[in-house]
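Notes follow the structure.
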Amino acid sequence: MELDVAEARGVMAEVQGRLRDVRVLVVEDVAESRHIVAFFLKKAGALVETAEDGREGLDKVTAGSFDAVLMDLEMPEANGYATLVMLREMQFTKPVVALTAHESIDERRRCQYAGFNGYLTKPINPSDLVDIVAGLTSTPAPEVSRLGTRQMDEAPAYKCSSTLANAYQSFLNRLPGRSDELRRAWREAHWEKAEKIAHQLKGTAGCCGFTGIMDVMCAIEDELRAEKNLPRLECFFERLTLAGQDASRLF
């Protein structure tokens with residue numbers, strides 16, 4: 001179910017000003033996810049810079065000054081774990097939060113043991129996003145929380161912001177081509193490439209709040225990691241097409 005306009009505005013009002021002048025770097029290789037996370041941080045008053053991969057993130061940390069870094073775990077050039085190691089070798093001691101589409105306890109433990117200071121799973125709830133950054137940067141919490149930690153559903157808040165609407169539409173426009181690329185990869189038995197595309201699509205769909213698409217991508221990713229049953233994968237692709245059409249009707 002879609003988060004209605006009144007509730008969406010309430011979410012944005014709740015985070016308004018919570019992170020005033022907190023300097024945050026968002027390191028995320030998928031443009032739509034990067035724009036959405038940055039949007040809510042900026043709504044909360046944060047001063048946000050972005051990087052498209054770990055290498056660029058390292059360069060920005062070297063050149064700038066940040067109170068916190070939010071970083072996707074699966075990126076080209078240098079993934080989140082490798083980038084964290086290099087950040088600590090550079091004596092960067094500020095909080096680093098992992099962003100991931102994985103919700104497993106094992107992944108959470110890996111992040112903790114690796115030295116991440118926090119962990120957020122997609123779909124990312126704006127209140128949770130702001131809360132964790134505020135907590136790690138010692139930003140006082142508001143006296144009253146109106147909406148708590150409600151999970152987002154289909155295309156949250158898109159009617160309230162052209163920035164979000166553009167990011168969501170961009171993902172939906174790219175979805176058919178990325179789906180075809182994924183189908184070619186598994187038909188040619190390029191399993192590693194197929195898993196990477198599936199995981200990226202799952203994470204971006206989750207970040208956009210397209211839970212129907214995310215659920216299908218979870219099933220595809222699980223199948224690619226397990227039996228690789230091709231007829232079953234074809235069924236999942238049919239479901240993906242329908243989920244994409246359902247999401248597109250919102251626009």
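Scanning segment 100-120 for residues that are of a type in the set (Val, Ile, Thr) and either free of Cβ contacts under 8 Å to residues at least 24 places away in the same chain or in a loop (DSSP other than H, G, I, E, B) (or both) returns a single hit, ILE105. Each residue in segment 67-96 was checked for being touching a residue at least 60 places away in the same chain (Cβ under 8 Å), surrounded by fewer than 22 Cβ atoms within 10 Å (Cβ to Cβ) and either within 12 Å of VAL27 (Cβ to Cβ) or not assigned by TED's automatic domain parsing to the domain that holds ARG110 (or both), and 1 of them qualify. In segment 185-234, the qualifying residues are those that are part of a helix (DSSP H, G or I), exposed (fewer than 14 other Cβ atoms within 10 Å of the Cβ) and not charged (D, E, K, R), and the one that is nearest to the chain's Cα centre (by Cα) is TRP191. Residues in segment 92-142 that are in contact with a strand residue (DSSP E or B) (Cβ under 9 Å, 6 or more places away or on another chain) and aromatic (Phe, Trp, Tyr): PHE92, PHE116, TYR119.
Screening ALA114 against (1) crowded, with 19+ Cβ neighbours inside 10 Å; (2) modelled with pLDDT under 85 leaves a single unmet condition, (1).
The values are calculated or read from the model by the stated rules, or taken from the named source; none is laboratory data. Note that this is a predicted model, so its numbers are computed, not measured. Backbone-built Cβ (ideal geometry, glycine too); neighbour counts: all protein chains shown.
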